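Notes for the one structure printed next.
The values are calculated or read from the model by the stated rules, or taken from the named source; none is laboratory data. All figures in this text were calculated on a predicted structure; none of them were measured in a lab. In this analysis, Cβ positions are derived from the backbone assuming ideal geometry, glycine residues included, and neighbour counts consider all displayed protein chains. Note: areas computed on protein heavy atoms with side chains; ligands, DNA, RNA excluded. Shrake-Rupley method; radii C 1.70, N 1.55, O 1.52, S 1.80 Å.
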Amino acid sequence: MNAPLIHSLDARYYTGPEIFENEMQGLLARTWQFAGHVSQLPNVGDYFAFQIAGQNLFCIRGRDGEVRTFYNVCQHRAHELVKDTGNTRVVVCPYHAWTYELTGQLRAGPNIKSVPGFDKEKICLTEVRTEDFNGFIFVNLDDDAKSMDDWFPGVREEIRAFVPNIDKLAPLEWVEIDENCNWKVSVENYSECYHCPINHATFAEGVVKPETYDIQPDKDGGYVLRHTTECQSMDKMTYPIDTSVPHSEEYQSWFLWPMVSFQCYPGNVLNTYHWRARDVDHCTVYRGWYTEDGAESDVIRGLAVQDRQTTVEEDIHLVESVHKGLKSRGYKPGPLVLDPKCGVNSEHSIQKLQQWMREAVDG
């Protein structure tokens, strides 16, 4: 007897404003989100500002060498503290010059000593949980969340095995892509390669062997999807690779729910995706390309250009078309293609991804 078919999610999960607001207050505020790379903060007092789940934050390197993250708001009367990137000896609010140590502790403020009972020791910027994950800075607005190694078991070590020079890497460039779709549409598209042979000729014929492509959920229940495949034959590869390094002839990707992915391209080339949800109908995807110390590389620059002009551009059209279709009265969610043998033409990864999406919204 055949098992019942598993259907895709209803359109409301992608198009409902109330669901998006639920995610901003819940899912995206209680999961590990990519903030930046440690190389962006080489010196004491270096900082950068960013936004997660509608909240303004900033990372800053302290005098003890630690990277801390704070809500970007003064504890006096709520003015924003910093913008963009920079370096500072102390954090000074532009509104009334309340001044904070790099640890977030209030240091001084005009005329505060004249206030009876004012205890500056009791005032501190609100800190956000921060983890260094192989040199990548992640934050979680939930103080009680489990660690990244609990969420994504084994991934830290696996990435290091595929990218042995990861401690020396820094961003060479970021590619920023705006997409007119819900963030989950974009994440789903990334998380299956059922569409690759049809839509990504350069990737499927010049980088990987689609017939070997597979995506598997974590067997231990972690919130990770692992993409694995072999690289194309050397005479078909669109860029040169050094085959003397372990795993150099493989492609592996680790998608970390809900909004970041580490990819190791053939040749041990590290690339990252991270998503930012802007509103229910729009998201931004950032592609990061890395070299040792961020040094120039014609090969990596060329691979980034190739990726942007082919796979990325092709995906923009796909996800935006899907988002339009989700608003059609004629759309009735069809069954997922779940091949028991898995492989490139199966949607096992989407089944797991949509399970996480459903749980995030419905509990």
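Hey, can you tell me all the residues within the range 185-205 that are in contact with a strand residue (DSSP E or B) (Cβ under 9 Å, 6 or more places away or on another chain), part of a helix (DSSP H, G or I) and of a type outside the set (Gly, Ala, Ser)?
Once the filter is applied, which keeps residues that are in contact with a strand residue (DSSP E or B) (Cβ under 9 Å, 6 or more places away or on another chain), part of a helix (DSSP H, G or I) and of a type outside the set (Gly, Ala, Ser), the range 185-205 yields VAL185, VAL187, TYR190, CYS196.
A quick yes/no check of all residues on (1) closer than 16 Å to ASN189 by Cβ; (2) open to solvent by 20 Å² or more (accessible area, probe 1.4 Å); (3) β-branched (Val, Ile, Thr):
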position	(1), (2), (3)
GLN263	yes, no, no
THR272	no, no, yes
THR284	yes, no, yes
GLY288	no, no, no
ASP293	no, yes, no
GLU296	no, yes, no
ARG301	no, yes, no
GLN309	no, yes, no
VAL312	yes, no, yes
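Among the residues of the range 343-363, which ones are open to solvent by 30 Å² or more (accessible area, probe 1.4 Å) and at positive phi?
GLY363
The conditions are (1) open to solvent by less than 40 Å² (accessible area, probe 1.4 Å); (2) at pLDDT 95 or above; (3) closer than 29 Å to TRP151 by Cβ, and VAL208 fails exactly one of them. Which is it?
(2)
If we scan the range 130-152, do we find a residue that is open to solvent by 60 Å² or more (accessible area, probe 1.4 Å) and of a type in the set (S, T, N, Q)?
Residues of the range 130-152 open to solvent by 60 Å² or more (accessible area, probe 1.4 Å): 132, 143-144, 146, 149-150.
If we keep only those that are of a type in the set (S, T, N, Q) as well, we get none.
No, that holds for no residue.
Of all residues being outside any loop (DSSP other than H, G, I, E, B) and aliphatic (A, V, I, L, M) in the range 158-180, which is modelled with the lowest pLDDT? Just the residue, please.
VAL175
Give me the residue from the range 1-14 that is modelled with pLDDT of 95 or more and part of a loop (DSSP other than H, G, I, E, B) and, out of that set, most open to solvent (accessible area, probe 1.4 Å).
It comes out as ASP10.
Suppose we keep only residues that are touching a His at 6+ places or on another chain (Cβ under 9 Å) and of a type in the set (A, V, I, L, M, F, W, C) within the range 312-336. Which one would you say is farthest from ASP214 (Cα to Cα)?
This residue is LEU318.
Determine whether ASN180 is in contact with a helix residue (DSSP H, G or I) (Cβ under 6 Å, 6 or more places away or on another chain), surrounded by fewer than 16 Cβ atoms within 10 Å (Cβ to Cβ) and farther than 19 Å from THR69 by Cα.
yes
Does TRP174 satisfy the criteria of being over 30 Å from GLN105 (Cβ atoms), crowded, with 20+ Cβ neighbours inside 10 Å and out of contact with any Ser or Thr (no Cβ under 6 Å at 6 or more places or on another chain)?
No.
Considering only the range 81-101, I want to know if a residue exists there that is among the charged types (D, E, K, R) and either under 25 Å from the mean Cα position of the chain (by Cα) or at pLDDT below 95 (or both).
Within the range 81-101, the first condition is being among the charged types (D, E, K, R), and the residues that meet it are 83-84, 89, 101.
Checking the rest, the ones that are also either under 25 Å from the mean Cα position of the chain (by Cα) or at pLDDT below 95 (or both) come to 83-84.
Checked the range 81-101: at least one residue is among the charged types (D, E, K, R) and either under 25 Å from the mean Cα position of the chain (by Cα) or at pLDDT below 95 (or both).
Select from the range 106-126 the residues that are in a strand (DSSP E or B) and surrounded by 15 or more Cβ atoms within 10 Å (Cβ to Cβ) and list them in ascending order.
Residues satisfying the conditions are LEU106, ARG107, CYS124.
Could you list, in sequence order, the residues of the range 153-169 that are in contact with a Pro (Cβ under 9 Å, 6 or more places away or on another chain) and either among the β-branched types (Val, Ile, Thr) or surrounded by 16 or more Cβ atoms within 10 Å (Cβ to Cβ) (or both)?
Within the range 153-169, PHE162 is the sole residue that qualifies.
Can you find a residue that is more than 19 Å from the chain's Cα centre (by Cα), without any contact (Cβ under 8 Å) to a residue 60 or more places away in the chain and open to solvent by 10 Å² or more (accessible area, probe 1.4 Å) anywhere in the range 15-27?
First pass over the range 15-27, keeping only residues more than 19 Å from the chain's Cα centre (by Cα): 15-19, 21-22.
Subsequent filtering for residues that are without any contact (Cβ under 8 Å) to a residue 60 or more places away in the chain retains 18, 21.
Those still in the list that are open to solvent by 10 Å² or more (accessible area, probe 1.4 Å) too: 18, 21.
The answer is yes, given that some residue of the range 15-27 is more than 19 Å from the chain's Cα centre (by Cα), without any contact (Cβ under 8 Å) to a residue 60 or more places away in the chain and open to solvent by 10 Å² or more (accessible area, probe 1.4 Å).
Restricting attention to strands (runs of 3 or more DSSP E) lying wholly within the range 42-88, give those where 3 or more residues are crowded, with 19+ Cβ neighbours inside 10 Å and touching a strand residue (DSSP E or B) at 6+ places or on another chain (Cβ under 7 Å).
46-52, 55-61, 67-71
Does VAL67 satisfy being in contact with a helix residue (DSSP H, G or I) (Cβ under 8 Å, 6 or more places away or on another chain) and more than 30 Å from MET357 (Cα to Cα)?
So VAL67 passes the test.
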